[in-house]
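Inspection log for the structure reproduced underneath, given as structure tokens.
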Ligand SMILES: Cc1cc2nc3c(=O)[nH]c(=O)nc-3n(C[C@H](O)[C@H](O)[C@H](O)COP(=O)(O)OP(=O)(O)OC[C@H]3O[C@@H](n4cnc5c(N)ncnc54)[C@H](O)[C@@H]3O)c2cc1C
């Protein structure tokens, strides 16, 4: 922390390095090459605290807080999730009332990164109305932990990400009037802007992680001899390395895209398709790369002091937090379906070729997408289609990175891999049946009773 890494998120007028997005992503990449939890710690501070405060707090409050970040290496996190309300965060029960020239906030929050460590929290709550009910909108408040009111009731035993503390907090805090964030319109729109900005910056954390896996797995397969030849000579090993390199290339393309589209001055509340695609696709790629790395390393990768197994565990929650990937994929499909209805298009290829996010990629996948879209897909089909759309958005970014002169073989291979995966996903959309699960499995489900003695 001595070189003030969080300064990349802070504007020059507040003593930072300027808040340029490409520099933020580059710092996250350097961190995650060494340690994914370290990078997540930087990402939480930057995307879930400094950037929201920079955009929505009163100027004198931002100045005061950023001074502490620069001078004392202060840290900040975000509390949204509650025990009963995770994916369904809009129905959170933490509430606030106006009180003594400020607000009194009460409720329970859990799983906030930096629990017990943060100097500042962004607390989310709904207004308690005069009739006792809760308002629909969500408001954000900055809490300075030098004041009481956020008490850790329990620290959780995390499966991974050991560096980061998590737990359950009881909130019973007073926040001064000026410490409430000021949305341009509604609080929910402000929350979407924050979450989309954060999701768009996931590739920064993914970048170093994927680069490290690519470097280490290539070195491993070139030096490990099995059956008289190096692992690199085996076709299945090559397949795994090609996929790891393709995820590295896709993530690089996303970093380029985010750097040019997510400036702190831009409102990103409507950027759901790009943000949700980037977050869900890149986190699936992180997990897939980690699984392949562990497979290639063999038993040694299962040692706790080896990065391969740890990478599987540490990257897994990225598919869950800030929007569960299952839900984000469904939302991508819903958003595209809505845009198609609005523009009167029924053919998926026609839509993809007309959208800025997919037009270049659409030519590669025309024969798989040239059909009329069913507007009443089951949720499971929406999820598969959403993944396919996310891959198409990523592919478009890869094409654009290639046009800038990025490593041509990596670009070529990645486009081949993505085209093939998109084709497989489309097949799956067409052939998936809405099979209902069995609700209870009793005696008839015990194989032992069916053995002929
Ligand atoms: C390591 C880690 C770090 C975190 N950091 C933070 C943080 O800094 N701040 C914070 O506020 N929170 C944080 N969280 C919490 C995280 O955002 C929530 O766990 C997440 O939103 C999911 O909520 P939940 O755990 O209550 O799961 P649930 O809402 O119970 O969902 C569980 C699963 O059910 C399925 N599901 C849920 N709803 C639907 C649906 N509509 N359709 C289909 N399937 C559905 C999905 O598979 C989903 O993954 C963190 C969590 C972890 C694990």
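Brief remarks on what is shown
- Centre separation in Å (Cα based) which lies between segment 410-447 and segment 269-305: 18 Å
- Percent of Cα-Cα distances greater than 32 Å, calculated over the chain: 44 percent
- Pairwise label distance in nanometres, residue 430 with residue 320, each label 7 Å out on the Cα-Cβ vector: 3.6 nm
- Degrees separating the helix 59-72 axis from the principal Cα axis of the chain, which is the longest one: 70 degrees
- Rough spin-label spacing in nm, given labels placed 7 Å along Cα→Cβ, for residue 440 and residue 148: 5.0 nm
- Contour excess over end-to-end distance, with Cα ends at residue 372 and residue 339 and 0.36 nm allotted per residue: 10.4 nm
- Between residue 91 and residue 238, the modelled label-to-label distance comes to 5.3 nm, taking each label 7 Å out from Cα in the direction of the beta carbon.
- The chain: angle of helix 325-343 to the longest principal axis, Cα-based, in degrees nearest 10: 90 degrees
- Highest mean packing first, where packing is the average number of other Cβ atoms within 10 Å per residue, the peptides 373-379, 93-99 line up as 93-99, 373-379.
- Ordering 349, 391 by the number of other Cβ atoms within 10 Å of each residue's own Cβ, fewest first, gives 349, 391.
- Surface/4 estimate of mean projected area, convex hull on alpha-carbon atoms of segment 325-431, nm²: 6.4 nm²
- Column: log10 I(q)/I(0), Debye, Cα scatterers of segment 80-155, q = 0.16, 0.18, 0.22 Å⁻¹: -0.59, -0.74, -1.08
- Each of 117, 247, 111 was scored by other Cβ atoms within 10 Å of its Cβ. Listed from fewest to most, they are 117, 111, 247.
- Potential extension, residue 303-residue 423 segment - 0.36 nm per residue separation minus Cα distance: 39.5 nm
- Acute angle (nearest 10 degrees) that the helix 21-34 long axis makes with the longest principal axis of the chain, alpha-carbon atoms: 70 degrees
- Ascending count of other beta-carbon atoms within 10 Å, so fewest first, for 162, 103: 162, 103
- Gyration tensor over the Cα atoms of segment 72-111: the corresponding equivalent ellipsoid has semi-axes (square roots of 5 times the eigenvalues, largest first) of 20, 19, 7 Å.
- Separation of alpha-carbon centers, segment 211-259 and segment 139-169, rounded to whole Å: 37 Å
- Each stretch of four or more DSSP H residues adds -39500 (n - 2.57); spread over every residue of the chain, this sum gives -16500 deg cm²/dmol at 222 nm.
- Paramagnetic reach from residue 359 (point 7 Å along Cα→Cβ, amide N under 18 Å) across segment 387-416: 392-404
- Between segment 351-398 and segment 12-44, the Cα center-to-center distance that results, in Å: 32 Å
Each reported figure results from applying straightforward, stated rules to the coordinates on display, with no laboratory input. Keep in mind that what you see is a predicted model, and the values were worked out from it rather than measured. Don't worry about glycine lacking a Cβ; one is built from the backbone with ideal geometry, like all the others, and counts go over all protein chains shown.
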